[in-house]
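Worksheet for the structure shown next.
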Amino acid sequence: MPFIPCILGCVLALCVSLGGYAAEPVKKVHPSVNIQNKANFEDAEFSLKINDIVMPYSVFSVFVMPNEAVEFEVLYAQSKRSYSFINDDSNATLTDTNRWQWRAPKKPGLTKVIIESPDKKQRMTINVFVKVPAGEVQGGKLKYYHIGHYPKPSQIKDSEHYIVPNGFVKVTPENENTKISPHFSLKEFVSKQRSKHPKYLFLQNKLLLKLEKIRKELILENIPVKNMVVMSGYRTPYYNKAIGNVKLSRHVFGDAADIFIDNDGDYRMDDINNDGKHSIGDAQAMAGIVESLAKRESFKGLLGGLGVYGPKSHRGAFIHVDTRGFKARWVSK
């Protein structure tokens, strides 16, 4: 199957229906273009449905509870022959053609699930992080790591738009560089509070899908993206309170990121609108592309907040994105 048509054909749509995403074919949204930097497009030649999410990437991640049942299903298979499910625990049951029911290990940690094509030329690597149950948080701490206190769902207005963590990923020097999607690693989303390892993290898959889609769209709009910086990902309630942010910040619920493009490595937003200066205009240009994505049916399941922030003396411009489930827009100069 040719590589570029696979990308530009937009083989799946993501839409939320109460509890998850449903895959459905969509029309092309881009004309054919000559993509020079093919390494930035790491789609596999088939898609994989994992419980309620659908993703087309050669590497991705899921965050599950100990002993949780997880369903894997190959979509858009490129062969009539059966695909292979590979996992060291071998705790999977074939329930239909190219569909498996797998049970996560009982012990928190990292394991890998690999889905391989019949000819062994195509494979997806799913890094499965088994979380430490939230019930182990005592006095606002998990071991020696400050988590703080989450409100109960009954204390949150419109609580259906907030997911209070049922567990946390244990982040160690051994796993922090693990790729959780083609262009992002685990450590990029850890709360910025000062602490030794182990650290703990709560993250939602939808955010990773959204970031990868934004990154690809920027490139399709002729904005080079060698490095998309996650300036702030997850924040513990403890750290969020310490920096004086709003109590119900989306960062606390693992579905938000503050991001900017930094190809020259100076940790400042690049001049992406090519006006010869670094200003809020660069963040606005980036946000405009995110806004264009939000108008598409294929992006419906990833709707959320979009904030534009101008530069300050201690940092450059950036944008905030999240997947709260409804549109919210703001600008901070």
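The values are calculated or read from the model by the stated rules, or taken from the named source; none is laboratory data. Predicted, not measured: the structure shown is a model, and the values here were computed from it. Positions of Cβ are generated from backbone atoms using ideal geometry, with glycine treated the same way; all protein chains shown enter the neighbour counts. Please note that ligands, DNA and RNA were not included when accessible areas were found on the heavy atoms of the full protein model with its side chains. Shrake-Rupley method; radii C 1.70, N 1.55, O 1.52, S 1.80 Å.
Taking GLU73, is it farther than 11 Å from LEU48 by Cβ, touching a strand residue (DSSP E or B) at 6+ places or on another chain (Cβ under 8 Å) and either modelled with pLDDT under 95 or among the acidic types (Asp, Glu) (or both)? When the stated conditions are applied, GLU73 does not pass them. For segment 247-262, enumerate the residues that are part of a loop (DSSP other than H, G, I, E, B) and surrounded by 13 or more Cβ atoms within 10 Å (Cβ to Cβ). The answer is LEU248, SER249, GLY254, ASP255, ASP262.
Taking segment 263-297 as the search range and keeping residues that are under 20 Å from the mean Cα position of the chain (by Cα) and touching a residue at least 40 places away in the same chain (Cβ under 8 Å), which one is most open to solvent (accessible area, probe 1.4 Å)? Only one residue fits best here, namely GLU297.
What is the one condition in (1) open to solvent by 10 Å² or more (accessible area, probe 1.4 Å); (2) polar (S, T, N, Q); (3) under 20 Å from SER159 (Cα atoms); (4) modelled with pLDDT of 95 or more that THR323 does not satisfy? Checking THR323 against (1) open to solvent by 10 Å² or more (accessible area, probe 1.4 Å); (2) polar (S, T, N, Q); (3) under 20 Å from SER159 (Cα atoms); (4) modelled with pLDDT of 95 or more, the one that fails is (1). May I ask you to list the residues in segment 50-69 that are buried (at least 22 other Cβ atoms within 10 Å of the Cβ) and either among the polar types (S, T, N, Q) or part of a loop (DSSP other than H, G, I, E, B) (or both)? Within segment 50-69, SER61 is the sole residue that qualifies.
Whenever a residue of segment 85-102 is under 12 Å from GLU73 (Cα atoms), its partners that are open to solvent by 80 Å² or more (accessible area, probe 1.4 Å) and among the hydrophobic types (A, V, I, L, M, F, W, C), lying with C-beta atoms within less than 8 angstrom and at least six residues away or across chains, give the pairs PHE85/LEU94; TRP100/LEU94. Screening the candidates ARG103, ARG123 for the property of being within 21 Å of the chain's Cα centre (by Cα) and either open to solvent by 60 Å² or more (accessible area, probe 1.4 Å) or among the basic types (Lys, Arg) (or both) yields one hit, ARG123.
When segment 130-142 is examined, which residues are found to be charged (D, E, K, R) and surrounded by fewer than 16 Cβ atoms within 10 Å (Cβ to Cβ)? Explain how you work it out, then say what you get.
Initial filter on segment 130-142 (charged (D, E, K, R)): 131, 136, 141.
The answer is GLU136, LYS141.
Output the residues belonging to segment 101-160 that are polar (S, T, N, Q) and over 25 Å from ALA44 (Cβ atoms).
To start, the set of residues in segment 101-160 that are polar (S, T, N, Q) comprises 101, 111, 117, 122, 125, 127, 138, 154-155, 159.
Listed by number, the residues that qualify are GLN138, SER154, GLN155, SER159.
Listed by position, the strands (runs of 3 or more DSSP E) inside segment 143-246 whose residues that are surrounded by fewer than 22 Cβ atoms within 10 Å (Cβ to Cβ) and in contact (Cβ under 8 Å) with a residue 24 or more places away in the chain number at least 3 are 228-232. For segment 65-81, enumerate the residues that are more than 10 Å from PHE46 (Cα to Cα), hydrophobic (A, V, I, L, M, F, W, C) and in contact (Cβ under 8 Å) with a residue 40 or more places away in the chain. MET65, VAL70, PHE72 - these are the residues of segment 65-81 that are more than 10 Å from PHE46 (Cα to Cα), hydrophobic (A, V, I, L, M, F, W, C) and in contact (Cβ under 8 Å) with a residue 40 or more places away in the chain. Scanning segment 70-85 for residues that are among the charged types (D, E, K, R) and more than 23 Å from PHE129 (Cα to Cα), we see that the one that is least open to solvent (accessible area, probe 1.4 Å) is ARG81.
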